[in-house]
Amino acid sequence: MADSQHNGFIHLQASSSTELVEELRALSHPPKTLSLTAFMIRFATHLNNKRGELVRTDTTDHFIDDLTRAGYIKISPRHQ
């Protein structure tokens with residue numbers, strides 16, 4: 001679930017990498033109807049073209065790991 005923006009960041013809560021990718025896809029601009037794989041490929045291609053980052057799209061775990069490594073997302077401890 002997306003929380004409000006804070007300092008230019010959007011805070012998302014997810015219990016798995018797949019859920020996090022689903023949250024990212026839901027926030028993306030059209031088309032939201034892309035499959036998760038198609039979304040990850042499109043997103044990874046965009047990051048490669050804009051920032052030269054290589055992002056794996058074979059699994060949601062690899063995708064999130066690579067986005068974290070690239071500094072595009074930050075995983076924070078869960079707040080209770």
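What follows is calculated from the coordinates using simple rules that are stated; it is not laboratory data. This structure is a prediction, so every number in the text was calculated from the model and none was measured. Cβ coordinates were reconstructed from backbone atoms using ideal geometry, including for glycine residues, and neighbour counts include every protein chain displayed.
Can you say whether residue 69 is loosely packed, with under 14 Cβ neighbours inside 10 Å and basic (Lys, Arg), as far as the supplied structure shows?
yes
Go through the stretch 35-58 and give me each residue that's without any contact (Cβ under 8 Å) to a residue 12 or more places away in the chain, closer than 15 Å to residue 18 by Cβ and surrounded by 12 or more Cβ atoms within 10 Å (Cβ to Cβ).
From the stretch 35-58, those without any contact (Cβ under 8 Å) to a residue 12 or more places away in the chain are 35, 38, 42, 45-46, 48-50, 52, 58; that's our starting set.
Pick out the ones that are also closer than 15 Å to residue 18 by Cβ and you get 35, 38, 58.
Correct list: 38 only.
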